[in-house]
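Laboratory data are not the source of any read-out in this text; all were calculated from the coordinates shown. Not measured: the values here are computed from a predicted model. Using ideal geometry, Cβ is built from the backbone for each residue, glycine included, and neighbour counts are taken over all protein chains shown.
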Amino acid sequence: MRLKKFFNLRRIVRKGKILLLAYDQGIEHGPTDFDDRNVDPAYVIDIAAKGGFTGLVLHKGVAEKYYDEIKKAKVPLVLKLNGKTSLVKGDPISRQIATIDEAVDLGACAVGYTIYIGSFHEEEMLSEVSKIQAEAHRRGLPLIVWVYPRGAGLEDIPKNELMSYATQVALSIGADIVKIHPEGNMKDFAWAVKSAGRVKVICAGGGKVSEGKLLEKIKGYMENGASGMAIGRNVWQAKEPLELAGKIRDIVWAK
């Protein structure tokens, strides 16, 4: 199991760093993120291949329908196993909608799962991801967790504290990589990375921002211990996505 796990982790980690192109927003955000170009998954798969990304994050429907394009592009697939829409209000819950068997059949190199810590429903997600973690590791697949603090009861807790709480949850449940939304200053971020122990920390690109601001943030994350980025809209919404991807690569793999 350890050999399989190590081999598969190497497929999405290059020289110790990770750069994922996220295209799982269709469920989470709906149609508002897309235009005539990037609404086509084939367009984004091409960016992932030519942009030097170490993995492409998709839900199973896209991965199934565009299996041939993914295989031809030789893009490592990260299959997202749960999801929710933005239509239901209140404390969030995101439940499993794809299986480890489906991930293996689709040739995935890793699986992903979102946990909303602080949600009234966090117990259900933690219980579900514990089973996913055990099965994924038995099958030689690394687990990437998206850990986002969300819930009505979190208003009085500083966001920087919640960030390090998120990375400690990832370590405690046996994840291999954790994706977080950085909060606070870079000292806070560095503490969150330290709190993750041997779990690799990657950062969300978030909503669309100016190129200069994006690159500045990425540089700060990498200088303070991040293992890479999981970025979507800022790349595939860009006018010249491959040019931007090149600039991001230069920062992530800076010597």
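Taking other Cβ atoms within 10 Å as a rough exposure proxy, 229, 222 sort from fewest to most as 222, 229.
I'd like to compare 33-45, 184-196: which one has the highest average count of other Cβ atoms within 10 Å, and what's the full order after that? Don't skip to the answer; put the middle values down first.
Numbers: 33-45: 15.8, 184-196: 17.9.
The densest-packed peptide leads the list: 184-196, 33-45.
Net charge near residue 83: determine it from the other residues with C-beta under 12 Å of the C-beta of residue 83, scoring Lys and Arg +1 and Asp and Glu -1. Write out the running numbers ahead of the final one.
Details: positive: 60, 80, 84, 95; negative: 24, 28.
Within the 12 Å Cβ shell, the charges total +2.
Each residue of the stretch 75-89 was assigned a 3J(HN,Hα) from its phi angle through the Karplus curve 6.51 cos²θ - 1.76 cosθ + 1.60 (θ = phi - 60°); the sequence is 8, x, 9, 10, 8, 7, 8, 9, x, 8, 8, 8, 7, 8, 9 Hz, with glycine and proline shown as x. Could you work out the local net charge near residue 170, counting Lys and Arg as +1, Asp and Glu as -1, over the other residues with Cβ closer than 14 Å to its Cβ? So the surrounding residues net to +2. Projected label points at residue 181 and residue 254, each 7 Å from Cα along the beta carbon direction, are separated by 2.6 nanometres. For the stretch 1-146, just say rounded, prolate or oblate: build the C-alpha gyration tensor, square-root its eigenvalues into a ≥ b ≥ c, call rounded for a/c under 1.5, and beyond that prolate if a/b exceeds b/c, oblate if not. The shape class here is oblate. Computed about the Cα centre, the dipole magnitude for the stretch 28-172 is approximately 420 debye when only Lys and Arg (+1) and Asp and Glu (-1) carry charge, each at its Cβ.
Taking 31 Å as the cut-off for C-alpha to C-alpha distance, list the pairs among 65/217; 17/72; 131/247; 17/89 that go past it. Table pairs above 31 Å Cα-Cα are 65/217; 131/247; 17/89.
Take 59, 137, 29 and order them by how many other Cβ atoms sit within 10 Å, fewest up front. Can you show the working numbers first?
Numbers: 59 21, 137 18, 29 15.
Ascending Cβ contact count within 10 Å gives the list 29, 137, 59.
Spacing of the modelled spin labels on residue 194 and residue 172, each 7 Å from Cα toward Cβ, amounts to 2.0 nm.
Rounded is the label for the stretch 2-252, because the ratio a/c of its alpha-carbon gyration tensor axes (a ≥ b ≥ c) stays below 1.5.
How high is the FRET efficiency from residue 86 to residue 15, r the C-beta distance, R0 41 Å, rounded to 0.05? Intermediate values should be presented prior to the final figure.
Working: r = 36 Å, r/R0 = 0.88.
After rounding, the FRET efficiency stands at 0.70.
From the alpha carbon centroid of the stretch 204-255 to that of the stretch 15-57 is 13 Å. Report the label-to-label distance for residue 210 and residue 239 in nanometres (one decimal), using points 7 Å from each Cα along the Cα→Cβ vector. Label-label distance for residue 210 and residue 239, simple model: 1.4 nm. Sorting the segments 161-171, 198-208 by their residues' average number of neighbouring beta-carbon atoms within 10 angstrom, most packed first, yields 161-171, 198-208.
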